[in-house]
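Novice: Here's a structure for you.
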Amino acid sequence: MNAEWHDEHVLGQGASMDRRVEWHLEHAHECGCRAVPRTVVEELGRRGIPVPERAGSPEPG
(Lines give C-alpha, C1' and ligand atoms only; values in the text may rest on other atoms or scores of the structure.)
Protein backbone atom coordinates (compact mmCIF):
# COMPACT_ATOMS: atom_id res chain seq x y z
CA MET A 1 0.00 0.00 0.00
CA ASN A 2 1.22 3.46 -0.86
CA ALA A 3 0.43 5.16 2.47
CA GLU A 4 1.87 8.49 1.36
CA TRP A 5 -0.45 8.57 -1.68
CA HIS A 6 -3.44 7.68 0.50
CA ASP A 7 -2.58 10.41 3.02
CA GLU A 8 -2.47 12.98 0.22
CA HIS A 9 -5.58 11.71 -1.64
CA VAL A 10 -8.49 11.24 0.73
CA LEU A 11 -11.80 10.36 -0.88
CA GLY A 12 -14.37 11.69 1.56
CA GLN A 13 -17.75 10.17 2.28
CA GLY A 14 -20.47 11.42 -0.01
CA ALA A 15 -18.09 12.02 -2.94
CA SER A 16 -19.84 12.37 -6.29
CA MET A 17 -19.61 9.51 -8.78
CA ASP A 18 -17.43 11.72 -11.01
CA ARG A 19 -14.99 12.21 -8.12
CA ARG A 20 -15.09 8.50 -7.20
CA VAL A 21 -14.30 7.49 -10.79
CA GLU A 22 -11.42 9.97 -10.93
CA TRP A 23 -10.04 8.83 -7.56
CA HIS A 24 -10.24 5.10 -8.30
CA LEU A 25 -8.60 5.49 -11.72
CA GLU A 26 -5.72 7.36 -10.13
CA HIS A 27 -5.61 4.93 -7.21
CA ALA A 28 -5.28 1.93 -9.52
CA HIS A 29 -2.30 3.62 -11.18
CA GLU A 30 -0.58 4.94 -8.05
CA CYS A 31 -1.34 2.31 -5.42
CA GLY A 32 -3.83 -0.39 -6.33
CA CYS A 33 -3.92 -1.87 -2.84
CA ARG A 34 -7.49 -3.00 -3.47
CA ALA A 35 -9.81 -3.65 -6.39
CA VAL A 36 -12.07 -0.98 -7.87
CA PRO A 37 -15.51 -1.23 -6.18
CA ARG A 38 -18.37 -2.80 -8.13
CA THR A 39 -20.35 0.46 -8.34
CA VAL A 40 -17.36 2.25 -9.88
CA VAL A 41 -16.67 -0.69 -12.25
CA GLU A 42 -20.29 -0.45 -13.43
CA GLU A 43 -19.96 3.31 -13.96
CA LEU A 44 -16.71 2.86 -15.89
CA GLY A 45 -18.58 0.43 -18.15
CA ARG A 46 -21.37 2.95 -18.74
CA ARG A 47 -18.75 5.54 -19.65
CA GLY A 48 -16.84 3.19 -21.94
CA ILE A 49 -13.71 3.42 -19.78
CA PRO A 50 -11.72 0.19 -19.32
CA VAL A 51 -11.32 -1.03 -15.75
CA PRO A 52 -7.66 -0.52 -14.84
CA GLU A 53 -5.40 -3.27 -13.59
CA ARG A 54 -4.20 -2.87 -10.03
CA ALA A 55 -0.72 -1.39 -9.66
CA GLY A 56 1.89 -4.08 -9.40
CA SER A 57 -0.44 -6.79 -10.65
CA PRO A 58 0.99 -9.18 -13.21
CA GLU A 59 0.40 -8.48 -16.88
CA PRO A 60 -2.55 -10.48 -18.27
CA GLY A 61 -1.76 -13.54 -20.39
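Novice: Just checking, does the range 51-58 include any residue being hydrophobic (A, V, I, L, M, F, W, C) and in contact with a Lys or Arg (Cβ under 8 Å, 6 or more places away or on another chain)?
Specialist: No, the conditions are met nowhere in the range 51-58.
Novice: Given the conditions (1) in a helix (DSSP H, G or I); (2) open to solvent by less than 50 Å² (accessible area, probe 1.4 Å), report the number of the one that L25 does not fulfil.
Specialist: All conditions are met except number (2).
The values are calculated or read from the model by the stated rules, or taken from the named source; none is laboratory data. These figures come from a predicted structure and were not determined experimentally. Here the Cβ is made from the backbone with ideal geometry for all residues, glycine too, and neighbour counts use every protein chain on show. Just so you know, the surface numbers come from the protein's heavy atoms only, side chains and all, with ligands and any DNA or RNA stripped out. Shrake-Rupley method; radii C 1.70, N 1.55, O 1.52, S 1.80 Å.
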